[in-house]
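The values are calculated or read from the model by the stated rules, or taken from the named source; none is laboratory data. Treat the numbers as computed from the prediction; the structure is a model and nothing was measured. Don't worry about glycine lacking a Cβ; one is built from the backbone with ideal geometry, like all the others, and counts go over all protein chains shown.
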């Protein structure tokens, strides 16, 4: 063929950081704190539910279910989110199940972003937002969270990274179709406050923009902070699609069950994309997740609720990792949520010198050095910025602390590293 | 369904001055409620919202209806595949993310099976993509390789999604019918053939691909080598791709052989072959499929995949891999599920054909697949009082569903026998 065989929509979206970093981690790492998935098992009640779905009498659970979501699952999601949002939700029209939150994001961009539409993306961002917007023919418009210096002697918190209101307002234009909000935020762990959400909401309403709200880490919130759903703010229900994930909620990232919640006026278009892309999602996992939610609704707010226990455990792991990183000379930014933690590694420029005029951002080189020489895999923060901004915040790396044995092993390595540094 | 608001485009909200008190926010909320909603669907999904399955499965969902409509087995999958799934789910790591383009053990098993079938080396990492069902493979293939300005040849009758998938990619479907060659008393799917001259006339310089489905849904035709050669010759002559949907590849009945067009000379480099776990192992609800082809084509499907859902569920892929190994080892043995399933289905095919013939209907005996089409015109049912706009067969099916209730093959037999009595 004289012209390229592939479609133009693939232009510029072929690269993917995970392909490179997962390979590195697999090759060199003994301790993988890079990719975001737990190394501990899912809760027993969920494993049992899956076992029942797979081996039980209901053998039709191995066949197609309802395309837009297995009825028991959409019903319980409508119930739970109805309660959380203070709304009556129809499981058939206000909820749609997807193959992970990833596919939910894909449906949103394909349903609402046409050529020429602008989509505001807050940096640092979960890397897929950018290529998904581009593949839909849209133009990403970036705005960074900017770090404010912490109080004297204190460690920085993810709350110290903030949007400049005037700067944010300047990003909205006639072409702005949507803004992507991710709270709690991957990679920083920021949990947007009510005031910050109101800022965004006001602009969405003013400019009649949609809000694609990626809330996959909604239950992983620490220090008594509250996860506020932007869809519950005035004027926002009609223009927000909420995205959630069983993988993050129940520590089963490999099940790839996600969902969207929103008004029928918006979800009808997500359904059109869904029925013309994957059509159905796997049945058994949906059935098990439905049972998982049933159990959680019964235990809601109680100490044995998984939604209470998991963040409690993860908070401890967060604090553990913070200590280890401080001891070795990194400056962690305490995350308010998610299971990620970003640490400043500028102290290490003596050990791993910067190379001026290099194509590769410093943090990327450092992360590669660290996995090859220390066996610890982490992801450079620059991976979560657009090409033009990769050097703006290039002395940070991201760790995942949803780990049990891996975290202990990491601690051992970091302790050793600290001793090597302080040795005469 | 069209909303009147689609024809309006209202951007008047942008001129409001923002105030920060609750009262003005609630005023704004009610103002935006009454204004036309500008967030309609993108151009790519215009007109793709209706779907035959949504309509008919809703009607057939009534439990008193015999559902012989949608293509899903009500027989159990083989026990070993369910056992493998239970085993996989018990391994912690297998509940988390796996390799995006396909779980390593699965792509390795697929490469082994298909190397044997195709008689050529297939690299598990570059020549295979695991997708969410055969549907997901069709989507990834079309999004990767088809775009505006392209024409795609579709053979009628066709599995319904081909048309909207091609349209969503911005391309133009070009249809060519299988024509019924009257061969005497008992009709066979082999009697439905393409006219070679007519087929040749459909190819031009804009033809990017032809979609082939063999064994064919809905007719059950198994294209012969000679028929495939005609298609292959045209693909080579016009430098056209072939998207070969072979999800029913194992469901081939006595006297027939499934031939892979990709194995014909000059075809491997231009063919994507699609397979399905759902159809292979009677687990439609697992939604796992695969695309196999040359690296220079598959790499583009992988790019689509990494920007749409990234990875497929892990435990399902692991279980499928183990099941494939079981059957790979006995591919010379008649007990192999790849051969035992079609034997089981052949007797059901024959039973159904007999029932239909006894009622005075003329079934088209399928050479493959698990569908059977039947000529109902011989019954001469008067449907003139039903909706004028629909084709006769739509009206007949609705009439049949509403007036001939009950449940699956056994019950279908009862209905059909009663029907015969009534019309006698």
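Data table
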{"quantity": "Criterion (farther than 30 Å from residue B:343 by Cβ, surrounded by fewer than 24 Cβ atoms within 10 Å (Cβ to Cβ) and either modelled with pLDDT of 95 or more or facing chain A (nearest Cβ under 8 Å) (or both)) met by exactly one of B:307, B:296", "calculated": "B:296"}
{"quantity": "So residue B:248, is it modelled with pLDDT of 95 or more, in contact with a helix residue (DSSP H, G or I) (Cβ under 6 Å, 6 or more places away or on another chain) and over 23 Å from residue B:152 (Cβ atoms)", "calculated": "no"}
{"quantity": "Unique match (being part of a helix (DSSP H, G or I) and either more than 23 Å from the chain's Cα centre (by Cα) or without any contact (Cβ under 8 Å) to a residue 60 or more places away in the chain (or both)) among A:65, A:27", "calculated": "A:27"}
{"quantity": "Any hit, region A:250-264, residues being part of a loop (DSSP other than H, G, I, E, B), in contact with a strand residue (DSSP E or B) (Cβ under 9 Å, 6 or more places away or on another chain), closer than 24 Å to residue A:142 by Cα and in the same structural domain as residue A:129 (by the TED database)", "calculated": "no"}
{"quantity": "Residues of region A:271-292 satisfying the condition of being more than 22 Å from residue A:84 (Cα to Cα) and in contact with a strand residue (DSSP E or B) (Cβ under 7 Å, 6 or more places away or on another chain)", "calculated": "A:271, A:274, A:281"}
{"quantity": "Residues of region A:96-113 that turn out to be closer than 13 Å to residue A:134 by Cα and at the interface with chain B (Cβ under 7 Å from one of its Cβ atoms), as a count", "calculated": "4"}
{"quantity": "Residues that are touching a strand residue (DSSP E or B) at 6+ places or on another chain (Cβ under 8 Å) and either more than 16 Å from residue B:280 (Cα to Cα) or free of Cβ contacts under 8 Å to residues at least 24 places away in the same chain (or both), drawn from region B:119-135", "calculated": "B:122, B:127, B:128, B:129"}
{"quantity": "Selection count, region A:72-93, where residues are within 22 Å of residue A:256 (Cβ to Cβ) and away from chain B (no Cβ under 14 Å)", "calculated": "8"}
{"quantity": "Selected residue (only one of B:360, B:368 is in contact (Cβ under 8 Å) with a residue 24 or more places away in the chain and touching a strand residue (DSSP E or B) at 6+ places or on another chain (Cβ under 6 Å))", "calculated": "B:368"}
{"quantity": "Scan of region A:5-62 for residues that are surrounded by fewer than 20 Cβ atoms within 10 Å (Cβ to Cβ), in contact with a helix residue (DSSP H, G or I) (Cβ under 6 Å, 6 or more places away or on another chain) and more than 8 Å from every other protein chain (Cβ to nearest Cβ), ordered by number", "calculated": "A:12, A:17, A:24, A:28, A:43, A:45"}
{"quantity": "Looking only at region B:99-123, and only at residues there that are assigned to a helix (DSSP H, G or I) and out of contact with any helix residue (DSSP H, G or I) (no Cβ under 7 Å at 6 or more places or on another chain), the one that is farthest from residue B:268 (Cα to Cα)", "calculated": "B:104"}
{"quantity": "Given (1) more than 9 Å from every other protein chain (Cβ to nearest Cβ); (2) part of a helix (DSSP H, G or I), index of the condition residue A:247 fails", "calculated": "(1)"}
{"quantity": "Any hit, region B:319-338, residues being in a strand (DSSP E or B) and either touching a helix residue (DSSP H, G or I) at 6+ places or on another chain (Cβ under 9 Å) or under 25 Å from residue B:222 (Cβ atoms) (or both)", "calculated": "no"}
{"quantity": "Region B:137-162: number of residues that are facing chain A (nearest Cβ under 8 Å) and over 17 Å from residue B:48 (Cβ atoms)", "calculated": "2"}
{"quantity": "Some residue of region B:186-207 being under 26 Å from residue B:353 (Cα atoms), in contact with a strand residue (DSSP E or B) (Cβ under 9 Å, 6 or more places away or on another chain) and exposed (fewer than 14 other Cβ atoms within 10 Å of the Cβ)", "calculated": "yes"}
{"quantity": "Residue that is surrounded by the fewest Cβ atoms within 10 Å (Cβ to Cβ), among those in region B:71-83 that are more than 7 Å from chain A (Cβ to nearest Cβ) and closer than 21 Å to residue A:99 by Cβ", "calculated": "B:71"}
{"quantity": "Residue that is surrounded by the fewest Cβ atoms within 10 Å (Cβ to Cβ) [pool: residues in region B:310-353 that are more than 22 Å from residue B:246 (Cβ to Cβ) and in contact with a strand residue (DSSP E or B) (Cβ under 9 Å, 6 or more places away or on another chain)]", "calculated": "B:350"}
{"quantity": "Count of region A:131-149 residues which are more than 15 Å from residue A:381 (Cα to Cα) and either crowded, with 20+ Cβ neighbours inside 10 Å or in contact with a strand residue (DSSP E or B) (Cβ under 7 Å, 6 or more places away or on another chain) (or both)", "calculated": "13"}
{"quantity": "Condition check for residue A:308: away from chain B (no Cβ under 14 Å), surrounded by fewer than 20 Cβ atoms within 10 Å (Cβ to Cβ) and without any contact (Cβ under 8 Å) to a residue 40 or more places away in the chain", "calculated": "yes"}
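Residue by residue, here is whether (1) out of contact with any helix residue (DSSP H, G or I) (no Cβ under 7 Å at 6 or more places or on another chain); (2) in a helix (DSSP H, G or I); (3) buried (at least 24 other Cβ atoms within 10 Å of the Cβ); (4) within 13 Å of chain B (Cβ to nearest Cβ) holds:
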| site | (1), (2), (3), (4) |
| --- | --- |
| A:174 | yes, no, no, yes |
| A:192 | yes, no, yes, no |
| A:195 | yes, yes, no, yes |
| A:205 | no, yes, yes, yes |
